[in-house]
Structure formats: C-alpha cells, structure tokens
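Here is the structure we will look at, set down as structure tokens.
The values are calculated or read from the model by the stated rules, or taken from the named source; none is laboratory data. Computed from a predicted structure; not experimentally measured. Glycine also receives a Cβ, built like all others from the backbone with ideal geometry; neighbour counts cover every protein chain displayed. The area values use the complete protein model at the heavy-atom level, side chains included, leaving out ligands, DNA and RNA. Shrake-Rupley method; radii C 1.70, N 1.55, O 1.52, S 1.80 Å.
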Amino acid sequence: MHADDATAPPPAAGTADSCAVVWDDAFAQYDFGPYHPMSPVRLTLTRDLARAAGLLDRPGVTVIDAPVASQEQLASVHDAAYIEAVRRASAPHDLATDDELIAYGIGGDDVPAFLGMHEASARIAGGSLAAIDAILTGSVRRAVNVAGGMHHARPGRASGFCVYNDAAIAIRHALDAGEQRVLYADVDVHHGDGVETALWDEPRAITLSVHESGEHLFPGTGFVQDTGGQKAPGSAINLPLPPRTDADGWVRAIRATVPALARAIRPTLLVTQHGADTHRVDPLADFTVSLEAQREVMILMREIAEEVCEGRWLALGGGGYAVVDVVPRSWAHLIAVATGEPVDPDEPLPQAYLDADARVREAHGLSLDPAMRTFGEGRPLAVRDWEAGFDPEDPLDRAVQATRRAVFPEWGLDPFHD
C-alpha cells in the first residue's frame, strides 16, 4: 500500500465552517429495553445539550434528517439473509423463531430483538449516508452523526449492540460514488471489528482502530498483526492498548500514530468514530480517560482532516454507557469541534440542559450529580509527546512502538523517527 496511488483531494466542500448535523427524533426508537446499557437517553440528552449551548444555531450549520436506508444500501455491506432476519426480528414473532435469530446474533442480552428493529437500525445507517452525501455534493465540509458508529455489526451478524454497520455502509457508498481513498479512524475503547471486516480487502479504505487490547476486552480482536486482506495489505491498522490506560497516555498513543499515518495515507475523506466508552467511569471498559482528553482527540481529528483532505470529515458517535453523566457532554464537544470553535471544558453547562438532565434522572431513579456543572471535569492534560522519547519500561509505549514497527514501513514511514 503506497500513498502515491492516491490522487489529489477533490475541491474543498462548503465554507470553512459548514457542517451538517444529523438528527431525527426517531433515533430514540433504537431501544433494546429499560435494562440494556445502550439507552437512547444518551442521544436525546446530547441533542438537548447541543441545542441549549447554541451549537446547532452556529453559522454554516445545517441540521439534516435521517432517512431509512434502503435494502440496496444495506446490502452493500450486509448479507441479504441477515437483513431478512433483522426484518423478522422487528415484527411480533413466535418465540420458537428465537433460536433461528440467535444464529444471526439477535437475541439474548447483547442484541435483543425489539419491535421496529429494522427501521430504527436502518435509519441510523441512513443518517450516516445522508451525512456522506452532504459532504460529497459539496454542500458542507464536515458532518456529524452521533447516533452512528455502529462498528461491531458484521456482514451477516449483529454484535456488540450494533445491528447495521452505518460506518462501513457510508464508506462503501463514498467509494462507490468515486471517493478515491477513505481513512477510518476509530477511538472507541472497543476494537472496530465490524468495519475492519467489511473493508478487509478494500485497498481504497484504510481502517485504523485505537482500543483496549482484545486480550482483555470485547470483541477479542484487533491485534497489530491484523493488517488487511490479500487484496489490501496494510489497509488495516490496529493499536491495542493496555487496560487502565489514562487520559495522558491515550492522547500520547494517538498523537504518536494517527497524524503521521494520515499524512502518509493521504485520504480524500476522513471518517472517525468517537465512542465515549474510553471514559474513566464507563461501566463496560477499563480505560481512565477524561472528557478533556476526548475533546483533545476530537480537535486533533479535525486538524488532520484540514491538513490532509481539505477538511472533509464525517464524525460518528459509537459506544458510551455512562449515558447521563458522560456521553452527552462528550458528544456535545464533538458537535462543537465539528461546527466551529471548541467549547471550553470549564464553561458552565446551560441551565436549560441541567433542567433536562434533572428530569431524566428523576424519571430513571438516578441521583443528581452536583459535581457535573461544566462541560469538562477539571482534569487538565499533561501529555508527554512521543518526540520526548520512548520508554521501554512503559506498557503503553511498548504497545505504541509495536504498532509503529508493524505498520509504519508499509506506508513509507520510519517507526523510530517519524
């Protein structure tokens, strides 16, 4: 895989701060039930915070609807038999069919069937497709779909709370529309296995996942030796990090890999996934990352897009199971970075949002969090950049260097100096 294969990016789209934000109230219908960790309240509270902070009213910002993706669009990534199984799971069905659905990953505690599952899942995919089209047509330069990022869904199987893989569908759509090279960067705490699998043999799509090592965390994949299929060697890049990776180490690892690779890959479009489950209080993972660190990486991704592909950037949501305390603030930062100036982490949360938050907490029997009054959490970063030196005694540094040694040469980079 060589960067010279890519031609120059297309002309810049939209104005400098033009951005489409995808929202549809029907996103809340993607609901696995009251005891499932992926509660749709994380989406509605994100909307409430973005609206209360005035992020959706910024100049150049357009809020766009999320249509339901068509059978043909879904079939660009998913098997026809699987799509049919999701349709069957979406309607009232005889419990005798549950065993058949389990073969497609539907059922049990992970991805339980629910009424309207197909339409709700296809709408999320349609939202990411609408975002991609807004970029491809030149009406905007950037787009955000916080409901997207369903990165575990496989071509023939639901997995990890994900039914249809909107990220892979959107990337395939962009390539089919003539996009020359897409870089997908996934910073969710879990490996972006479904996107990697769907694009494994596609040399025009490079998947880069930074995640907690599969030796310790679901889905148990994403190792440095996994570098793409026979038709696309070097197109899959994995950076598995040790459990308990903290905010400074997480940012250090991303800075040590993603910018250099993006400059070498030279994508014409950047797609990123920003699962908030890297956060220190997330109940389903083991990193100790802060909101300040998540914001820093969002800013870095925007800077990379501006440097290598004239700002053309689609940002997606993803995981995140501290659905009240963390996810709305994290993704409000993502919307802010995509639509213009980042929000200061020390800025107070709007009272209208605090009122909405209090109503949600009361409805769900949750106690108020008196410490949650700002967009951040008062944890400034103190990152030691990679240029300051590699520490062979540090497990994080060893993980980073293993990835650099495995993939940098494929892209003409020196793992010790670039």
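Of the set (1) open to solvent by 70 Å² or more (accessible area, probe 1.4 Å); (2) over 23 Å from the mean Cα position of the chain (by Cα), all apply to residue 378 but (1). Between 244, 204, the distinction of being over 20 Å from residue 262 (Cα atoms), modelled with pLDDT of 95 or more and basic (Lys, Arg) belongs to 244 only.
Within the stretch 135-143, at least one residue is in contact with a Phe, Trp or Tyr (Cβ under 6 Å, 6 or more places away or on another chain) and buried (at least 22 other Cβ atoms within 10 Å of the Cβ). Of the residues in the stretch 99-107, at least one is among the charged types (D, E, K, R) and farther than 24 Å from residue 148 by Cβ. Counting the residues of the stretch 68-90 that are crowded, with 16+ Cβ neighbours inside 10 Å, of a type outside the set (Gly, Ala, Ser) and out of contact with any Asp or Glu (no Cβ under 6 Å at 6 or more places or on another chain) gives 8. Among the residues making up the stretch 176-195, those that are aliphatic (A, V, I, L, M), under 18 Å from residue 76 (Cα atoms) and either free of Cβ contacts under 8 Å to residues at least 12 places away in the same chain or not in a loop (DSSP other than H, G, I, E, B) (or both) are 182, 195.
Inspect all residues belonging to the stretch 330-353 and state whether any of them is among the small types (Gly, Ala, Ser) and either farther than 27 Å from residue 167 by Cβ or open to solvent by 30 Å² or more (accessible area, probe 1.4 Å) (or both). Yes, that holds for at least one residue. Show the residue pairs that are 6+ apart or on different chains and have beta-carbon atoms under 8 Å apart, the first residue being within the stretch 296-307 and under 17 Å from residue 267 (Cβ atoms), the second being open to solvent by 30 Å² or more (accessible area, probe 1.4 Å) and of a type outside the set (Ser, Thr, Tyr). Pairs found: 300/255; 307/263. For the stretch 119-134, check the following and say yes or no: at least one residue is acidic (Asp, Glu), surrounded by fewer than 22 Cβ atoms within 10 Å (Cβ to Cβ) and within 18 Å of residue 43 (Cβ to Cβ). Yes, because at least one residue in the stretch 119-134 is acidic (Asp, Glu), surrounded by fewer than 22 Cβ atoms within 10 Å (Cβ to Cβ) and within 18 Å of residue 43 (Cβ to Cβ). Would you check if residue 42 is open to solvent by 30 Å² or more (accessible area, probe 1.4 Å), under 23 Å from the mean Cα position of the chain (by Cα) and at pLDDT 95 or above? Spelling it out, it is not the case that residue 42 is open to solvent by 30 Å² or more (accessible area, probe 1.4 Å), under 23 Å from the mean Cα position of the chain (by Cα) and at pLDDT 95 or above.
Of the helices (runs of 4 or more DSSP H) lying entirely inside the stretch 307-418, the ones with 3 or more residues being modelled with pLDDT under 95 are found at 351-363. Against the numbered list (1) free of Cβ contacts under 8 Å to residues at least 60 places away in the same chain; (2) farther than 14 Å from residue 375 by Cβ, residue 311 comes up short only at (1).
Screening 222, 228, 234 for residues that are free of Cβ contacts under 8 Å to residues at least 60 places away in the same chain, on the phi > 0 side of the Ramachandran plot and in contact with a Pro (Cβ under 9 Å, 6 or more places away or on another chain) leaves exactly one candidate, 222.
Scanning the stretch 264-279 for residues that are assigned to a loop (DSSP other than H, G, I, E, B) and either open to solvent by less than 20 Å² (accessible area, probe 1.4 Å) or touching an Asp or Glu at 6+ places or on another chain (Cβ under 8 Å) (or both) returns 267, 268, 274, 275.
For the stretch 101-115, the candidate set comprises residues that are over 21 Å from residue 317 (Cα atoms) and open to solvent by 30 Å² or more (accessible area, probe 1.4 Å); within that set, the residue that is modelled with the lowest pLDDT is 108. There is at least one residue in the stretch 199-215 that is in contact (Cβ under 8 Å) with a residue 12 or more places away in the chain, in a loop (DSSP other than H, G, I, E, B), more than 24 Å from residue 307 (Cβ to Cβ) and among the small types (Gly, Ala, Ser). Checking each residue in the stretch 218-263 for being acidic (Asp, Glu), part of a loop (DSSP other than H, G, I, E, B) and open to solvent by 50 Å² or more (accessible area, probe 1.4 Å) picks out no residue at all. If you go through the stretch 88-141 and keep only what is of a type in the set (D, E, K, R) and assigned to a helix (DSSP H, G or I), you end up with 88, 98, 99, 100, 119, 123, 133. Taken together, 329, 384 contain a single residue that is among the basic types (Lys, Arg) and farther than 25 Å from residue 143 by Cα, which is 384. Against the criterion of being part of a loop (DSSP other than H, G, I, E, B) and either at pLDDT below 95 or open to solvent by less than 40 Å² (accessible area, probe 1.4 Å) (or both), residue 151 qualifies.
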